[in-house]
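The structure under discussion appears below in the form of structure tokens.
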Amino acid sequence: MTRPRIAIAHDYLTQRGGAERVVLSLVRAFPEAVVHTTLYDPDHTYPEFRDVEIRTSTLNRSAFLRHHHRAAFPVLAPASSQLHIDADVTVISSSGWAHGFDYSGQGLVYCHAPARWLYQSRNYVGGPLYRSPMGWGLALARPALRRWDRHAALRADRYVCNSTVVRSRIMAAYSIDAEVVPAPFAIDTTEPRQPVDQLADWDDGYLLIVSRLLPYKNVDAAIEAVRGTERRLVVVGTGPLAATLKAAAPSNVRFTSGLTDAQLAWVYSHAQMLIAPSLEDYGLTPLEAGAFGKPTVALGAGGYLDTITEGVNGLFFDAPQPSAIAAGVARAEQMSWSPDALAQHMHNFSEEVFVERMRREAEQLLTRDR
């Protein structure tokens with residue numbers, strides 16, 4: 001009997017983030033699958049992808065677009081529609097483009113969120129659309145892109161998603177009832193850890209943020225929460241606001257980016273706790289922190305409500321304001337955190353559980369097709 005052909009699709013592999021870690025977990029679930037994507041920049045995403053067969057769109061011929069994927073925005077929809085995948089089941093990791101690839105067979109979409117630029121445009125650009133050229137361009141393109149996006153979503157045979165808030169957004173955008181399959185934390189806690197040079201003279205016990213530096217991430221509020229205090233804050237990440245945030249940060253805040261997994265593990269293991277101040281579709285970083293026994297102080301909204309159980313692996317504050325963040329950190333410092341309860345909570349979000357669930361989802365589609 002011929003083995004079913006499984007393919008994996010993802011928007012673009014040009015950065016390091018939670019969605020890219022999910023793709024690596026899908027590769028482990030389906031090790032013979034080819035990964036299809038619009039753009040692939042091996043120097044700026046996880047090095048594990050170098051061991052994977054990856055097929056790209058014609059856009060990947062442009063070094064500029066590989067290094068600046070946001071510049072490809074005007075042409076990503078037509079490029080996605082022309083990227084052909086021949087497989088019995090295509091497992092699609094998507095937050096806006098990959099579900100529009102031209103795949104044969106069954107389509108199983110793992111949705112990180114309906115396209116933020118289409119359905120949360122104001123948050124995506126950091127304010128009203130009329131304030132920037134990017135906003136004006138998005139406003140003009142949005143009606144056509146929404147039609148393209150909805151058509152792409154409705155082609156799928158099965159939709160699953162990472163959190164209850166994303167499930168609600170999928171229903172609002174596409175009228176599809178998606179089942180929640182929590183994304184795993186995939187950071188390895190057993191491998192040797194590598195110190196980070198920028199933090200060599202800092203003792204353990206700093207506060208930590210791991211985030212892309214975008215307006216809706218509210219990293220500026222966390223920086224203000226420690227300004228004028230004896231608390232220290234490490235910010236891991238890069239993005240359009242990097243220069244602005246660094247220029248305004250006090251001396252008790254340090255930035256680093258481009259870390260290997262061994263370095264990120266070192267940063268997590270030496271932190272006191274994680275701060276998570278953004279409105280996220282899925283709360284992955286609290287799981288990564290929890291893998292190292294560290295609690296999280298998070299905004300009590302969005303995807304964090306799925307991955308944090310208050311008093312077990314973290315607690316919530318009400319608004320992404322410096323005073324609320326500072327008060328949350330003070331409360332967390334007074335709490336007693338149980339390592340056993342935290343470890344038990346983490347098992348529910350392990351890669352082992354995720355891999356088994358996604359294999360079962362693909363098998364159900366194959367069985368239905370037969």
By residue number, the members of segment 291-303 that are under 12 Å from PRO277 (Cα atoms) and modelled with pLDDT of 95 or more are THR296, VAL297, ALA298, LEU299, GLY300
Can you go through ALA153, ALA178, ALA183 and tell me which one is out of contact with any Cys (no Cβ under 8 Å at 6 or more places or on another chain), modelled with pLDDT of 95 or more and buried (at least 20 other Cβ atoms within 10 Å of the Cβ)? ALA153
Right, ASP102: over 29 Å from ASP261 (Cα atoms), acidic (Asp, Glu), touching a Ser or Thr at 6+ places or on another chain (Cβ under 7 Å) and free of Cβ contacts under 8 Å to residues at least 60 places away in the same chain or not? yes
Look at GLY302 and say whether it is surrounded by fewer than 24 Cβ atoms within 10 Å (Cβ to Cβ) and under 16 Å from the mean Cα position of the chain (by Cα). yes
HIS69 meets each of (1) under 26 Å from TYR282 (Cβ atoms); (2) more than 21 Å from the chain's Cα centre (by Cα) with one exception, condition (2)
If only one of ARG360, ARG331 is in contact with a strand residue (DSSP E or B) (Cβ under 7 Å, 6 or more places away or on another chain), in a helix (DSSP H, G or I) and either buried (at least 21 other Cβ atoms within 10 Å of the Cβ) or among the charged types (D, E, K, R) (or both), which one is it? ARG331
Which number in (1) more than 19 Å from the chain's Cα centre (by Cα); (2) at pLDDT 85 or above marks the one condition that ALA115 misses? (1)
Answer with yes or no whether TYR216 is under 23 Å from ALA330 (Cβ atoms), in contact (Cβ under 8 Å) with a residue 12 or more places away in the chain and either crowded, with 18+ Cβ neighbours inside 10 Å or in contact with a Leu (Cβ under 9 Å, 6 or more places away or on another chain) (or both). no
In segment 258-282, anything touching a Gly at 6+ places or on another chain (Cβ under 6 Å) and of a type in the set (S, T, N, Q) is listed as GLN272
Could you please tell me which pairs satisfy a Cβ distance under 7 Å, a separation of 6+ or placement on different chains, a first residue in segment 162-187 that is under 25 Å from ARG359 (Cβ atoms), and a second residue that is outside any loop (DSSP other than H, G, I, E, B) and acidic (Asp, Glu)? SER163/ASP306; THR164/ASP306; PRO182/ASP306; PRO184/GLU351; PHE185/GLU288; ALA186/GLU351; ILE187/ASP261; ILE187/GLU288
Is there a residue in segment 205-219 that is under 19 Å from the mean Cα position of the chain (by Cα), aromatic (Phe, Trp, Tyr) and farther than 27 Å from MET358 by Cα? yes
Out of ALA9, ALA19, report the one residue that is within 25 Å of VAL180 (Cα to Cα), surrounded by 15 or more Cβ atoms within 10 Å (Cβ to Cβ) and either modelled with pLDDT of 95 or more or in contact with a Lys or Arg (Cβ under 9 Å, 6 or more places away or on another chain) (or both). ALA9
Can you find a residue that is of a type outside the set (A, V, I, L, M), buried (at least 17 other Cβ atoms within 10 Å of the Cβ) and over 20 Å from the mean Cα position of the chain (by Cα) anywhere in segment 44-58? yes
For VAL235, state whether it is more than 25 Å from ALA19 (Cα to Cα), among the aliphatic types (A, V, I, L, M) and either buried (at least 19 other Cβ atoms within 10 Å of the Cβ) or at pLDDT below 95 (or both). no
Counting only residues that are among the aliphatic types (A, V, I, L, M), closer than 24 Å to TRP117 by Cα and in contact with a Lys or Arg (Cβ under 8 Å, 6 or more places away or on another chain), segment 192-240 contains a total of 0
Hey, which of the helices (runs of 4 or more DSSP H) in segment 1-114, taking only ones fully inside, have at least 2 residues that are of a type in the set (Lys, Arg)? 18-29
Working only within segment 59-112, note down all residues that are surrounded by fewer than 19 Cβ atoms within 10 Å (Cβ to Cβ), under 20 Å from LEU145 (Cα atoms) and among the aromatic types (Phe, Trp, Tyr). PHE73
May I ask you to say which residue of MET134, MET171 is at pLDDT below 90 and either under 23 Å from the mean Cα position of the chain (by Cα) or surrounded by 13 or more Cβ atoms within 10 Å (Cβ to Cβ) (or both)? MET134
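The values are calculated or read from the model by the stated rules, or taken from the named source; none is laboratory data. In this text, all values refer to a predicted model and were calculated from it rather than measured experimentally. All Cβ positions, glycine included, derive from the backbone under ideal geometry; neighbour counts span all protein chains shown.
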